[in-house]
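Every number here is computed from the coordinates shown, using simple stated rules; none is lab data. Since the structure is predicted, the reported quantities are computational estimates derived from the model, not experimental observations. Glycine also receives a Cβ, built like all others from the backbone with ideal geometry; neighbour counts cover every protein chain displayed.
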Amino acid sequence: MADSLRSIPRTDDLLNDPGFAVPVASLGRERVKAAIRQAQRLARDGAITPADVRATALANLPLAGPCRVINATGVLLHTNLGRAPLSARAIEAVAVAAGVTDLELDLATGRRGRRGRTALAALAAAVPAAQDVHVVNNNAAALVLAATALARGREIVVSRGELVEIGNGFRLPDLLASTGARLREVGTTNRTHPRDYAEAMGPQTGLVLKVHPSNYVIEGFVSAPTVADLAEICRQAEVPLVADVGSGLLHPEPRLPHEPDATSWLKAGADVVTASGDKLLGGPQCGLVLGRVDLVELLRGHPLARALRADKLTLAALEATLSAEETPVQAALQADPAVLLERAWQLAAKLTAVGVPAQAVSTTAAVGGGGAPGVDLPSAAVAVPETLAVPLRMGRPAVLGRLERARYLLDLRAVVPTEDKDLFAAVVTACK
Ligand SMILES: *Cc1c(COP(=O)(O)O)cnc(C)c1O
């Protein structure tokens with residue numbers, strides 16, 4: 001027994017073992033040490049033999065993240081996959097911003113400048129309908145800031161048909177209530193009328209909230225006032241209308257005719273529009289605050305704004321996104337189904353040629369990520385055996401597809417064409 005304990009490999013020896021060099025470089029010594037200690041404990045407890053300590057420690061090393069994933073799910077904006085991938089320009093901008101930059105300095109004058117002013121200028125230029133703009137951490141932060149600055153200790157009038165759960169158990173009503181504002185729910189799940197709002201409003205009203213139900217649709221006997229209807233009621237009562245457009249479309253998108261956009265809602269009379277940066281806008285995670293100059297100033301100057309402010313990497317990525325020709329999300333949205341099918345054929349032919357059973361099929365993709373619910377995007381996929389799902393997910397890069405009738409579909413709509421060769425290599429590796 002004592003001999004056996006003595007033969008357990010020592011921590012330092014393993015750390016210096018060439019087999020641990022790569023993990024030490026990517027994870028750091030401490031995390032590798034923890035895996036080694038765990039394996040040594042198992043050996044001391046007799047659960048494994050001393051000879052197995054090295055292999056057990058290697059097998060139990062945590063994965064260093066983030067791990068690159070090829071999104072072959074057919075869902076353009078996948079929250080679990082980090083929503084919008086950035087454009088090449090935005091990625092470059094992030095790399096520059098990661099160093100020392102002129103974030104709060106005006107290089108022309110040498111004086112302090114407004115934080116991220118070039119990003120804010122790009123946003124203002126992209127949405128001329130907004131008198132002023134501000135950027136926070138995400139759309140949830142934008143809503144919290146608006147609720148706190150405009151309705152803390154007062155009421156937010158909102159339709160029962162717009163009390164959205166945005167995902168992972170987060171509910172907009174809870175988020176708003178956490179600011180100390182009281183929700184004044186009006187109407188019913190399916191129908192809310194302009195008079196419901198008018199009747200609920202009074203001196204206690206801090207703001208009226210319009211929320212785009214971005215991840216579901218209610219069909220049938222439904223009715224909700226338009227932004228213009230609400231704007232008229234709010235104007236008469238001198239109460240701000242805050243409108244959460246969700247997806248971050250700045251202008252109408254012909255391919256998504258039912259998806260609201262910031263410009264249209266501002267033109268219809270919304271005082272403040274909030275939106276996410278990493279949904280259909282195709283940029284980094286952030287929250288856009290667009291609208292009336294006095295209100296945006298009020299939000300920007302609120303003490304809470306400091307806790308919600310966007311970081312320099314985000315601001316850089318947002319600016320580059322706004323000036324990019326086409327974001328990956330736009331490209332995926334615009335992709336021609338015939339071209340996608342052609343790519344699927346080519347990929348299937350290459351795979352078949354090396355002995356992997358593969359077939360090109362027509363599919364239906366979706367926007368996902370809380371945008372354009374119910375919209376079907378015609379797409380194409382390579383169908384491979386279902387048994388490849390796990391090895392593909394465990395591969396590097398990881399590949400995620402979707403299971404459909406005992407086939408694993410690798411949908412190409414959200415796969416950048418330049419990734420096709422990586423996808424081919426990943427499937428071949430997964431077969432081994
Ligand atoms: C996605 C979404 C949110 C939350 O936005 P985040 O940027 O994830 O904080 C809020 N409201 C609506 C309508 C949404 O679609």
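At a glance:
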| read-out | value |
| --- | --- |
| Residue list for region 321-337, filter: closer than 28 Å to T387 by Cα and surrounded by fewer than 19 Cβ atoms within 10 Å (Cβ to Cβ) | P337 |
| Any pair with Cβ under 7 angstrom, 6 or more apart, that starts in region 1-21 at a residue that is closer than 23 Å to G46 by Cβ and ends at one that is exposed (fewer than 11 other Cβ atoms within 10 Å of the Cβ) | none |
| Any chance A317 is in contact (Cβ under 8 Å) with a residue 12 or more places away in the chain, buried (at least 18 other Cβ atoms within 10 Å of the Cβ) and in contact with a strand residue (DSSP E or B) (Cβ under 9 Å, 6 or more places away or on another chain) | no |
| Complete set of residues in region 369-406 that are under 19 Å from the mean Cα position of the chain (by Cα) and under 20 Å from P417 (Cα atoms) | A398, V399, L400, G401 |
| Test: residue in region 144-153 that is within 24 Å of the chain's Cα centre (by Cα), in a loop (DSSP other than H, G, I, E, B) and within 30 Å of R306 (Cα to Cα) | no |
| Scope region 183-230; condition within 25 Å of V367 (Cα to Cα) and away from the ligand (no atom under 16 Å from the Cβ); matching residues | T189, N190, E219, G220, V222, S223, T226 |
| From the options D261, D278, residue that is in contact (Cβ under 8 Å) with a residue 24 or more places away in the chain, buried (at least 17 other Cβ atoms within 10 Å of the Cβ) and either closer than 28 Å to P85 by Cβ or of a type outside the set (K, R) (or both) | D278 |
| Odd one out for A125, checked against (1) over 30 Å from E219 (Cα atoms); (2) within 14 Å of the ligand (Cβ to nearest atom) | (2) |
| Residue ranges of helices (runs of 4 or more DSSP H) in region 42-133 with at least 1 members closer than 30 Å to L340 by Cα | 88-97 |
| The lone exception for V367 - which of (1) touching a Cys at 6+ places or on another chain (Cβ under 8 Å); (2) crowded, with 19+ Cβ neighbours inside 10 Å it fails | (1) |
| Candidate set: region 313-337, residues that are in a helix (DSSP H, G or I) and over 18 Å from the mean Cα position of the chain (by Cα); chosen: the one farthest from T118 (Cα to Cα) | P337 |
| Residue in region 284-298 that is aliphatic (A, V, I, L, M), over 22 Å from W265 (Cα atoms) and not in a strand (DSSP E or B) present | no |
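Matching residues to (1) under 30 Å from V361 (Cβ atoms); (2) exposed (fewer than 13 other Cβ atoms within 10 Å of the Cβ); (3) touching a Cys at 6+ places or on another chain (Cβ under 7 Å):
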residue: S7; (1), (2), (3): no, yes, no
residue: T11; (1), (2), (3): no, no, no
residue: F20; (1), (2), (3): no, no, no
residue: R41; (1), (2), (3): no, no, no
residue: A55; (1), (2), (3): no, yes, no
residue: L58; (1), (2), (3): no, no, no
residue: C67; (1), (2), (3): yes, yes, no
residue: T73; (1), (2), (3): yes, no, no
